[in-house]
Amino acid sequence: MHIDIVTLFPEMFVGPFSESIIKRAIEKKMVSIAYHNPRDYTLNKHNKVDDYQFGGGAGMVMMVEPLALLLDKLMESKKYDAIIYMTPDGNRLEQKQLNQYISFKNIIVINGHYKGIDQRIRDQYVTHEMSIGDFVLSGGELATAVFCDALIRLIPGAIGDGASALTDSFQDDLLAPPVYTRPADFRGWKVPEILTSGNLKAIDDWRHDQSVEKTEQRKPWMLED
Ligand code: ADE
């Protein structure tokens, strides 16, 4: 999979993508990520990439021209399965969609800043508008880092223990059961006995029951679908 990230602030991705699972997936060439800055595509003599809104109103808008030139350039050399725009008014990202995106070969993720991007880019280029929740971040970059992390860890082999991603919360429409590790008794806080019984069938049943109970308590609507 290849991800082209369109951003005015590529440095914002350095931390999230230089640790742990994502770092390893990049090193193992399971995924490649490239950054493209609209500032490198502006024809404006002052290097401007944003401007006032037509019709008035607070906040700057990212200009159509640098973004269009950048996207045209990317699309000349690759066919994209999705051109995503990160925006709080997009469709809220859910695990099920990630399982579909995982089959994509090339995607572009556009990050807005300030008041967002000129609507003509959304109309002419964007295929998916995505939000990570009903709150407003200062730009799309942190949302894109969240999306890429959630996506990349699903690439087969990205997580050391292959079964692990399949037993995450949401993967089977249930929240994950509680997990414990050694010691079995810490300050008298004991691990449920069943988990140390060695009875794999009973452990499986217990985990399933715990998942259903947790889902009923916390996100009952997940059981309705
Ligand atoms: N940009 C700003 N806020 C966002 C959000 N909640 N989701 C996606 N992109 C955003």
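Here, each number is a calculation from the coordinates, and none is a lab measurement. This structure is a prediction, so every number in the text was calculated from the model and none was measured. Heads up, the Cβs are rebuilt from the backbone with ideal geometry, glycines too, and the neighbour counts pull from every protein chain shown.
At a glance:
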quantity	calculated
Sorted largest first, extent of region 69-187 alpha carbons per principal axis (Å)	61, 31, 22
Antiparallel DSSP beta bridges within the chain, percent to nearest 5	20
Rounded to 10°, Cα long-axis angle of helix 64-77 versus longest principal axis of the chain	70
Positive-pole candidate from Leu200, Gln217, Ala184, dipole of region 167-223, charges at beta carbon	Ala184
Top of Gly133, Gly160, Gly56 by mean-square fluctuation, Gaussian network on the chain, Cα under 10 Å	Gly56
For Ile5, distant residues with modelled amide H under 5 Å away	Ala34, Tyr35, His36, Val109
Taking the chain and dividing mean pair separation by its residue count, relative contact order in percent (alpha carbons under 8 Å, at least six apart)	20
Cα-based shape type of region 64-138, given that a ≥ b ≥ c are square roots of the gyration tensor eigenvalues and the cut on a/c is 1.5	oblate
